[in-house]
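The values are calculated or read from the model by the stated rules, or taken from the named source; none is laboratory data. Keep in mind the model is a prediction, meaning the values are calculated, not measured. Note that we place each Cβ from the backbone using ideal geometry, even for glycine, and neighbour counts take in every protein chain shown.
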Amino acid sequence: MANKKTKKASKKDKYQFQLSLQKPGRGAAWFVVHTYSGHEYKAVTALKQRVKTMSLDDKIFEAIIPIKDKMVIRRGKKVKTKEKIFPGYILVNMILDDNSWITVKTTPGITNFVGIGEKPMPISQTEVDKIIKNIVEQKVEYETKFSVGEAVKIIDGAFVDSLGTIDEIDEKKGKLKVLVSMFGRETPVELDFLQVSKI
């Protein structure tokens, strides 16, 4: 039972940061906040500190940095990495008033709220729930430098040393469909990303 709880918590930690121990109060809404690119985590850490210092835990509650897991091929090995879904943006749950607005806006790493002119525009809970659901339920995707139509050499498996042309790429499964010439005709062969190399 404890294992299940730990697993669930680790999934939540992938994207969500509690800025306050209090639950969101009446009037709380989600806002999209723009940050300097690559400063999303620093901005959230700084915001968390400011919420504590300025006793705004009854106004600013949590922040989300939506990320997804990605599998990358490095030096012939699969390496799991994390990639931000919306680089340069975080979602903040807060009650908007002059104090909370200026606190978020002047936090190091944060540039502005997303909205019309100077007015921050909240996004719906439905949109936030959809983002969270996609993050929690996502499957690891693979990143590849291959492209359809590219000629490759098979370096592993039954067709080792054969040359072929990439016909399809499945980044979700980390698979390629390669057309290999056999008996005078092209035959599709499904291979793992690690089983082929660029020519």
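The set of residues from the stretch 173-189 being surrounded by 12 or more Cβ atoms within 10 Å (Cβ to Cβ) and outside any strand (DSSP E or B) comprises 173, 174. Filtered by the rule that a residue be crowded, with 21+ Cβ neighbours inside 10 Å and among the β-branched types (Val, Ile, Thr), the stretch 14-44 gives 33, 35, 44. Select from the stretch 76-104 the residues that are hydrophobic (A, V, I, L, M, F, W, C), under 30 Å from residue 195 (Cβ atoms) and in a strand (DSSP E or B) and list them in ascending order. Listed by number, the list holds a single entry, 79.
Out of 116, 110, 132, 102, which single residue is in contact with a helix residue (DSSP H, G or I) (Cβ under 6 Å, 6 or more places away or on another chain) and within 28 Å of residue 54 (Cβ to Cβ)? Within the list 116, 110, 132, 102, the selection yields 110.
Looking at the stretch 125-138, which of its residues are closer than 16 Å to residue 29 by Cα and either free of Cβ contacts under 8 Å to residues at least 60 places away in the same chain or not assigned by TED's automatic domain parsing to the domain that holds residue 62 (or both)? Give the steps one after another, and end with the answer.
Taking the stretch 125-138 first, the residues closer than 16 Å to residue 29 by Cα are 125-132.
Of everything in the stretch 125-138, those that are closer than 16 Å to residue 29 by Cα and either free of Cβ contacts under 8 Å to residues at least 60 places away in the same chain or not assigned by TED's automatic domain parsing to the domain that holds residue 62 (or both) turn out to be 126, 129, 130.
Candidates in the stretch 24-42 are the residues that are at pLDDT 85 or above and in a loop (DSSP other than H, G, I, E, B); of these, the one that is nearest to residue 53 (Cα to Cα) is 24. The residues in the stretch 8-23 that are closer than 17 Å to residue 67 by Cα and either modelled with pLDDT of 90 or more or out of contact with any Ser or Thr (no Cβ under 9 Å at 6 or more places or on another chain) (or both) can be counted, and the count is 10.
Scanning the stretch 61-110 for residues that are crowded, with 17+ Cβ neighbours inside 10 Å, more than 21 Å from residue 39 (Cα to Cα) and modelled with pLDDT under 85 yields a count of 2. Can you spot a residue in the stretch 152-173 that is modelled with pLDDT of 80 or more and on the phi > 0 side of the Ramachandran plot? The answer is yes, given that some residue of the stretch 152-173 is modelled with pLDDT of 80 or more and on the phi > 0 side of the Ramachandran plot.
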